Every structure is written in C-alpha cells, then in structure tokens.
Amino acid sequence: MKTAVDSSVLFDIVKGAPGAVAAQTALEAALAHGSLCVCAVVVAELGRYFSSEQDLREFLVACQIDHDPLSMEAALEAARIMRGYARNKGPRERVAPDFLIGAHATEQADALLTSDAGFFRNYFVSLNVVTPEAGEQKS
C-alpha cells in the first residue's frame, strides 16, 4: 500500500508539537504496510522548517518518504475539485496546495495520512483518509 503524507503530519513531527508521537506512530504503521510518499507541494511547505535543502532531504530519507511527482491527471483533478469548492462558496482558507495534495493522494496513492481529515473526506470522497489520532481510516 502506498500512503501519501500530508504536510500537517510532518509539521507535528518537525515542530515537536503535541501530536508528534501520534504522527510518528502513524508514519511507522503506514510504512509497515507499504511505502510513504509526498508530492512537491508537501516538500515545499515543509522546507521552511529546515535550515538547508540537505537537512530536508535527510529528514525525508530518515522517515523513508519518497518524492512522487504530481501527475497531470492529479493536477486536473485538483482543478476540478477547486471549481466545485468555489461554486459552493467554500471558505477562503483553502488554497491550491490543499487540493493538489488531496488530488495527488487520490490519483497516485492508496491513502492519505493527514491531521486535516475533515477537509479531505469532504472534498475527496473516494480517498482513503488515515489520521494519526488512532490510525483512523475511511475507505
């Protein structure tokens, strides 16, 4: 099973947030069932927490997370869902990276590990969403 990892999970680990232990445990559980990946959006969002590109690369390697380039199909899926979001007058707090991460997971992975399950479950209904809180899943 290939699990895409959302920035929110990695932020908890890098920042040592209260959810860091649960996030690390969830990463390890997902890795025990397959591979972990991130798209470029997650790499870019995560990069601000590292003093160098090398440190970021080493973190991803240590976590056994591969970079998985975003496909054209995933980008088009993100655009489709963003159009629906705009038509429904979704709150302006959601930006393109959120949709790209969700579409990447939908099109190129089997699940998304995220701390922001509500948004992804609402807008990416076919996506298997896993949260660190208890390994919670929705198939």
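The values are calculated or read from the model by the stated rules, or taken from the named source; none is laboratory data. Given the structure is predicted, the values throughout are model-derived calculations rather than measurements. Cβ placement follows ideal geometry from the backbone for every residue including glycine, while neighbour counts extend to all protein chains displayed. Accessible surface is based on the protein model in full, side chains and every heavy atom, while ligands, DNA and RNA are left aside. Shrake-Rupley method; radii C 1.70, N 1.55, O 1.52, S 1.80 Å.
Okay, residues lined up against (1) crowded, with 20+ Cβ neighbours inside 10 Å; (2) assigned to a helix (DSSP H, G or I):
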| residue | (1), (2) |
| --- | --- |
| VAL9 | yes, yes |
| PRO18 | no, no |
| VAL21 | no, yes |
| ALA26 | yes, yes |
| ALA44 | no, yes |
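Can you pull out the residues in segment 69-95 that are within 19 Å of ALA44 (Cα to Cα) and either modelled with pLDDT of 90 or more or surrounded by 14 or more Cβ atoms within 10 Å (Cβ to Cβ) (or both)?
PRO69, LEU70, SER71, MET72, ALA74, ALA75, ALA78, ARG94
Matching residues to (1) closer than 15 Å to ALA4 by Cα; (2) more than 12 Å from the chain's Cα centre (by Cα); (3) assigned to a loop (DSSP other than H, G, I, E, B); (4) in contact (Cβ under 8 Å) with a residue 60 or more places away in the chain:
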| residue | (1), (2), (3), (4) |
| --- | --- |
| VAL41 | yes, no, no, yes |
| ARG83 | no, yes, no, no |
| ALA86 | no, yes, no, no |
| LYS89 | no, yes, yes, no |
| GLU93 | no, yes, yes, no |
| ALA105 | yes, no, no, yes |
| LEU112 | yes, no, no, yes |
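Give the residues of segment 28-39 that are part of a helix (DSSP H, G or I) and open to solvent by less than 60 Å² (accessible area, probe 1.4 Å), sorted by residue number.
Those that are part of a helix (DSSP H, G or I) and open to solvent by less than 60 Å² (accessible area, probe 1.4 Å): ALA29, ALA30, LEU31.
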